[in-house]
Amino acid sequence: MLRLRFTRARRALAAAALCSLATPLLGAAALLLLSACQHMAPSADEALGAGLKMDLVQGGAYKHVTFANASSTATPLYVFIEGDGLPWRGQGTRVSPDPTPRNALGLALAIRTPGSRLYLGRPCYFTAINDRACNPRVWTSERFSAAVVASMAAVVNRHCVESCRGGVVLIGYSGGGVLAVLMAPLVPSTVAVVTIAADLDIDAWARRHGYSALEGSLNPATLPPLPSRIREWHLVGDRDTVVPPELSRRYLDRVKPDYVWHFATFDHVCCWAQQWPELFSRIEAGVGRTSVDASD
């Protein structure tokens, strides 16, 4: 059984008192922490009850924490990629010693998804922070580097050796959506990419917020479009002030409008997890149509 060590308890209690949308998820020795905001953050019991098993696996250059269930060869494998977590502290002035997200929304979505699932942790997040290959550049300026992308793609491809004949659907939240787009050409089994509140033009995003450019990272908006065999859906919250929809316009203009889904009342956090069952049903139906088209 997955054993969780509840460290940093005082910090967690203080955060819980202020929290209205997110729950702390602790890194390093701890993986999941329960708090008052259970409507957003997943609990250990939820992950176990959803049939997900935790592991620490080697990708390419980096190690990754994964949560996965037994995969079916006949149905798509849904791969979930988390957001950026906490790469910085103090209004972006100090590098965080541990980027692990306090609100792992991507894991919450994986838990709420039926079928074959793989939650793929980013390099140096959760217990992978102890990886000797880790250094602050991996979760700051180079968070979308070729090495990071290749390492994550390697995990999916290894997982798919015997279990991805139904194809792979990459689903990324926020910065995880950037990685999903970048990984897709490196995962031959990919049939679809879904991004949620993703900053698909990282240069425009950095300029808008006054951040330093992500030197060493790949920008989806300046790369060639994805192969036509890969279907794309991009979910956008019109109230998102972290990644305002117009910032990704350079990328989204290359996608047919029917595949860019706008949600008038959603922001960067609300209400992706709460509405996920309905959203996933739409995605699943679209993926099913993609599979039929590919078999014709």
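The values are calculated or read from the model by the stated rules, or taken from the named source; none is laboratory data. Given the structure is predicted, the values throughout are model-derived calculations rather than measurements. Every residue, glycine as well, gets a Cβ built from its backbone with ideal geometry; the counts of neighbours run over all protein chains shown.
Just for the range 250-292: of the residues that are of a type in the set (D, E, K, R) and surrounded by 15 or more Cβ atoms within 10 Å (Cβ to Cβ), which one is nearest to Val181 (Cα to Cα)? Ranking the qualifying residues of the range 250-292, first place goes to Arg250. Under the condition of being in contact with a strand residue (DSSP E or B) (Cβ under 8 Å, 6 or more places away or on another chain) and either part of a loop (DSSP other than H, G, I, E, B) or among the small types (Gly, Ala, Ser) (or both), the residues counted in the range 122-143 number 7. Scanning the range 129-170 for residues that are buried (at least 16 other Cβ atoms within 10 Å of the Cβ) and of a type in the set (Asp, Glu) gives Asp131, Glu142. Tell me which residues, restricted to the range 86-104, are part of a loop (DSSP other than H, G, I, E, B) and touching a residue at least 40 places away in the same chain (Cβ under 8 Å). Hits for the range 86-104 are Pro87, Gly92, Ser96, Asp98, Pro99, Thr100, Pro101, Arg102, Asn103, Ala104.
Here are Val178, Val168, Val191, Val187: which of them is modelled with pLDDT of 95 or more and under 13 Å from the mean Cα position of the chain (by Cα)?
On the way: Val168 fails: under 13 Å from the mean Cα position of the chain (by Cα); Val191 fails: under 13 Å from the mean Cα position of the chain (by Cα); Val187 fails: under 13 Å from the mean Cα position of the chain (by Cα).
Exactly one of Val178, Val168, Val191, Val187 is modelled with pLDDT of 95 or more and under 13 Å from the mean Cα position of the chain (by Cα), namely Val178.
Examine the range 163-180 for a residue that is out of contact with any strand residue (DSSP E or B) (no Cβ under 9 Å at 6 or more places or on another chain) and under 27 Å from Gly286 (Cα atoms), and state whether such a residue exists. Yes: the range 163-180 contains one or more residues that are out of contact with any strand residue (DSSP E or B) (no Cβ under 9 Å at 6 or more places or on another chain) and under 27 Å from Gly286 (Cα atoms). The residues on offer are Pro277, Pro257, Pro227, Pro244, and the sole one that is more than 27 Å from Pro101 (Cβ to Cβ), in contact (Cβ under 8 Å) with a residue 24 or more places away in the chain and not aliphatic (A, V, I, L, M) is Pro227. Annotation: of all residues in the range 66-85 being in a strand (DSSP E or B) and buried (at least 24 other Cβ atoms within 10 Å of the Cβ), the one that is nearest to the chain's Cα centre (by Cα) is Ile81.
Tell me whether the range 264-274 contains one or more residues that are of a type outside the set (Val, Ile, Thr) and in contact with a Pro (Cβ under 8 Å, 6 or more places away or on another chain).
There is no residue in the range 264-274 that is of a type outside the set (Val, Ile, Thr) and in contact with a Pro (Cβ under 8 Å, 6 or more places away or on another chain).
So, in the range 105-120, how many residues would count as being part of a loop (DSSP other than H, G, I, E, B) and more than 17 Å from Ile196 (Cβ to Cβ)? Residues in the range 105-120 being part of a loop (DSSP other than H, G, I, E, B) and more than 17 Å from Ile196 (Cβ to Cβ): 2 in total. For residues in the range 144-160 being part of a loop (DSSP other than H, G, I, E, B) and of a type outside the set (Ser, Thr, Tyr), which is modelled with the lowest pLDDT? Filtering first and then ranking leaves Cys160.
Of the candidates Gly51, Gly59, Gly90, the single residue that is at pLDDT 75 or above, on the phi > 0 side of the Ramachandran plot, of a type outside the set (Phe, Trp, Tyr) and out of contact with any Gly (no Cβ under 6 Å at 6 or more places or on another chain) is Gly51. For the range 246-261, check the following and say yes or no: at least one residue is within 17 Å of the chain's Cα centre (by Cα) and under 25 Å from Ser189 (Cβ atoms). Scanning the range 246-261 turns up no residue that is within 17 Å of the chain's Cα centre (by Cα) and under 25 Å from Ser189 (Cβ atoms).
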